[in-house]
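The next block holds one structure in the form of structure tokens; read it before the comments.
The values are calculated or read from the model by the stated rules, or taken from the named source; none is laboratory data. All figures in this text were calculated on a predicted structure; none of them were measured in a lab. Positions of Cβ are generated from backbone atoms using ideal geometry, with glycine treated the same way; all protein chains shown enter the neighbour counts.
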Amino acid sequence: MKPYDFTLNELLSKRGFALSRTRYVRHDYRALAAWRRGSANFDHFVSYQRDDSLSPYNGAEIAVQFVPQGSTGALFVGAHYVVDSWTASDNPERNPSLRTPCEEDYGQDLDHRRYDLARIDAIEDLVGRLIIDWGAATRSWSQWAERRPKPIVELRATAEDEAFPGFGEFTSTVQELLTLPSSWQNALASVNGVYLLVCPETGEQYVGSAYGDGGFMGRWTSYAANGHGGNKLLSRRNRTNYSISILEIASPDMSASEIINRESAWKTKLGSRAHGLNAN
């Protein structure tokens with residue numbers, strides 16, 4: 001998509017932001033998952049950061065927050081004043097009671113700092129609507145705004161989820177499953193069938209099937225939980241962020257045994273027993 005003719009820096013300047021004291025922060029898929037659960041969960045998650053000079057908020061008065069949108073894009077999800085901070089373990093009484101599933105990453109930890117962040121109302125109207133091009137240096141996930149102007153590539157009319165691409169076009173990864181829009185998750189939970197996992201490091205394939213409650217989504221969340229979904233062969237491997245796609249959708253009247261037969265046929269067709277990750 002062709003970028004707009006103006007940058008995020010220009011937009012923020014017009015809304016009164018002091019760019020010399022502002023940092024852009026592009027969080028990872030964990031923050032995206034927290035944002036999908038609501039702004040309160042997101043704000044809590046990003047308020048815990050590392051307690052050293054590499055903190056993304058270090059020296060900043062304002063943090064403009066983003067989550068991943070494709071490989072180098074970033075979706076704006078809010079801006080905060082950095083009001084105060086303290087070592088989380090030294091001041092437990094100042095830490096909020098709200099907890100998130102990501103607490104093990106940014107919880108009340110000896111190595112983390114708790115930031116008091118206050119949302120900036122002047123730009124809330126763009127939450128979930130504004131997408132920028134972060135650039136190729138996605139590992140540099142916290143940058144001074146004044147030094148790194150960001151081109152605006154999309155400004156949506158509303159903060160609606162992207163349209164589901166269809167089962168045949170759908171692709172994701174194990175890590176990204178819980179960050180999918182709720183409408184996508186509901187669609188994937190509504191059908192059963194045969195799916196494919198591919199190891200990003202070796203290209204080895206694993207064919208599986210979903211035929212119980214919760215459809216594809218119900219089956220795949222077990223991979224997100226433990227990395228192997230109960231499969232003995234996968235459990236012997238290092239935890240891997242497998243890519244996920246759908247090979248075949250089962251008709252509503254298909255029995256579990258019929259779906260398993262279709263799974264077996266795909267294993268033969270793709271050679272995933274002899275050259276892949278299927279043991280049987």
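For the reader, a short list of remarks on this structure follows.
- Listed by first and then second residue, the pairs linking a residue in region 134-147 that is assigned by TED's automatic domain parsing to the domain that holds residue 54 and farther than 14 Å from residue 56 by Cβ to a residue that is surrounded by 14 or more Cβ atoms within 10 Å (Cβ to Cβ) and polar (S, T, N, Q), with Cβ atoms under 7 Å apart and 6 or more places separating them unless they lie on different chains, are 135/72; 136/72.
- Qualifying residue in region 241-251 (condition: touching a helix residue (DSSP H, G or I) at 6+ places or on another chain (Cβ under 8 Å), surrounded by 16 or more Cβ atoms within 10 Å (Cβ to Cβ) and either of a type in the set (Lys, Arg) or on the phi > 0 side of the Ramachandran plot (or both)): no
- Where residue 39 falls short, out of the listed (1) surrounded by fewer than 19 Cβ atoms within 10 Å (Cβ to Cβ); (2) touching a strand residue (DSSP E or B) at 6+ places or on another chain (Cβ under 6 Å); (3) of a type in the set (Ser, Thr, Tyr): (2)
- Of the strands (runs of 3 or more DSSP E) that lie entirely inside region 138-253, those containing 2 or more residues that are under 17 Å from the mean Cα position of the chain (by Cα) span 171-173, 243-249.
- Qualifying residue in region 217-238 (condition: under 20 Å from residue 166 (Cβ atoms) and small (Gly, Ala, Ser)): yes
- Residues located in region 265-280, provided they are surrounded by fewer than 16 Cβ atoms within 10 Å (Cβ to Cβ) and either part of a loop (DSSP other than H, G, I, E, B) or within 32 Å of the chain's Cα centre (by Cα) (or both): 271, 273, 274, 275, 279, 280
Residue-by-condition table, conditions (1) within 17 Å of residue 171 (Cβ to Cβ); (2) assigned by TED's automatic domain parsing to the domain that holds residue 181:
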| site | (1), (2) |
| --- | --- |
| 214 | no, yes |
| 220 | yes, yes |
| 234 | no, yes |
| 265 | no, yes |
| 279 | no, no |
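- Annotation: residue 156 fulfils all but one of (1) surrounded by fewer than 16 Cβ atoms within 10 Å (Cβ to Cβ); (2) within 13 Å of residue 76 (Cα to Cα); (3) touching a residue at least 40 places away in the same chain (Cβ under 8 Å); the unmet one is (3).
- Note on region 1-30: among residues that are touching a residue at least 60 places away in the same chain (Cβ under 8 Å) and among the small types (Gly, Ala, Ser), the one that is nearest to residue 118 (Cα to Cα) is 16.
- Residue within region 6-18 that is of a type in the set (Val, Ile, Thr), buried (at least 21 other Cβ atoms within 10 Å of the Cβ) and not in a loop (DSSP other than H, G, I, E, B) present: no
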